[in-house]
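Every read-out reported here was derived from the displayed coordinates using simple, explicitly stated rules and does not represent laboratory data. Keep in mind it's a predicted model, so treat the numbers as computed, not measured. Here the Cβ is made from the backbone with ideal geometry for all residues, glycine too, and neighbour counts use every protein chain on show.
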Amino acid sequence: MITTRRTLILEELGLLPRWVPRTKASDAVEPPDSSSAAVPSQVPGPPLARAEHLLSSNAALPPLTHPATSGEVDTAQPVAHMSWPDLKEAVRGCTACPLYANRKQTVFGVGDERADWLFVGEGPGAEEDARGEPFVGQAGKLLDNMLAAIGIKRGNDVYIANVVKCRPPGNRVPEASEAARCEPFLTRQIALIQPKMIIALGKTAASNLLGTEASIGSLRGRLHDFHGTALLVTYHPAYLLRNLPDKAKAWEDLCLARDTMQRLKSAQAAPK
């Protein structure tokens, strides 16, 4: 895995956990081109000073691209270089897995395309399938309340997407093969947005982003690293509607996310 400036910043601020996405041999990322700016492995000085140095560096974050595997669409590499308009058109016309057959429309994602916050859910439900926008039902209302509780709102420095872009029949959990077919689209969305923080809403999002089948209980409450971007796992709003006591745990996760974002922004804004 390529170490990025953002990963080093999180390490220096004491925010990075000991969990990283599992890397399979077939998913190995090729080394960066020799013309790319090198990321310093060590910078002298105290931790905050080193973090500030890294934030002020002109080194570019590497693109989030993955070679195609047997579970991905054949166009994985072209997707990795698509612009927003091309990516939206590719999702709109995708027939790579059986989910396309029963959809009313694809649900690409919504929000600020340069957002600091990225929230990733599981997949569209019936109302999302009808309207073409993620999180618009009761779970969407709860998500909006969760955002408001930490001082942010949908569309304002926030982007919302799902692991799969078409509704699974009966709102079932997406199958692994279905999620794999959509993975290049979500990966490209993340690369284009370059968020400071990713919030994985529920087990499906956590499993696909981190490459683990670990439980939500074991993953939440601490930060993870997704290719140099801070990632936090919490409960899906639909789950919270059925399990009200766990709202307190979700609030703890959101407070951790808010505090981490504030520290990252403070480090970035500190005088050089």
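If you go through the range 152-165 one residue at a time, do you hit one that is more than 21 Å from residue 247 (Cα to Cα) and touching a residue at least 60 places away in the same chain (Cβ under 8 Å)? Checking the range 152-165: at least one residue is more than 21 Å from residue 247 (Cα to Cα) and touching a residue at least 60 places away in the same chain (Cβ under 8 Å).
Would you check if residue 241 is more than 17 Å from the chain's Cα centre (by Cα) and in a helix (DSSP H, G or I)? Yes: the conditions hold for residue 241. Screening the candidates 247, 265 for the property of being basic (Lys, Arg) and either part of a loop (DSSP other than H, G, I, E, B) or free of Cβ contacts under 8 Å to residues at least 24 places away in the same chain (or both) yields one hit, 247. Residue count for the range 166-184, restricted to those that are touching a helix residue (DSSP H, G or I) at 6+ places or on another chain (Cβ under 7 Å) and under 11 Å from residue 204 (Cβ atoms): 5.
Sub-6 Å Cβ pairs linking a first residue in the range 175-194 that is under 14 Å from residue 82 (Cβ atoms) to a second residue that is assigned to a helix (DSSP H, G or I) and of a type outside the set (Phe, Trp, Tyr), at least 6 apart or interchain, are 184/76; 184/79; 185/91; 188/79; 188/87, ordered by first then second residue.
From the list 113, 183, 127, 178, the lone residue that is part of a loop (DSSP other than H, G, I, E, B) and on the phi < 0 side of the Ramachandran plot is 113.
Residue under question is residue 240, and the condition is that it be of a type outside the set (Ser, Thr, Tyr), touching a strand residue (DSSP E or B) at 6+ places or on another chain (Cβ under 6 Å), buried (at least 21 other Cβ atoms within 10 Å of the Cβ) and on the phi < 0 side of the Ramachandran plot; does it hold? Considered against the rule, which asks whether it is of a type outside the set (Ser, Thr, Tyr), touching a strand residue (DSSP E or B) at 6+ places or on another chain (Cβ under 6 Å), buried (at least 21 other Cβ atoms within 10 Å of the Cβ) and on the phi < 0 side of the Ramachandran plot, residue 240 comes out as no. Of everything in the range 87-110 that's assigned to a loop (DSSP other than H, G, I, E, B) and hydrophobic (A, V, I, L, M, F, W, C), which residue is surrounded by the most Cβ atoms within 10 Å (Cβ to Cβ)? Looking at the filtered set, the residue picked out is 107. Within the span defined as the range 206-217, one or more residues are among the acidic types (Asp, Glu), over 23 Å from residue 146 (Cα atoms) and without any contact (Cβ under 8 Å) to a residue 60 or more places away in the chain. Checking each residue in the range 131-151 for being part of a loop (DSSP other than H, G, I, E, B), under 20 Å from residue 114 (Cα atoms) and without any contact (Cβ under 8 Å) to a residue 40 or more places away in the chain picks out 133, 134. Every residue in the range 184-196 that is surrounded by fewer than 21 Cβ atoms within 10 Å (Cβ to Cβ) and either polar (S, T, N, Q) or out of contact with any Leu (no Cβ under 6 Å at 6 or more places or on another chain) (or both), please. Residues satisfying the conditions are 187, 192, 194.
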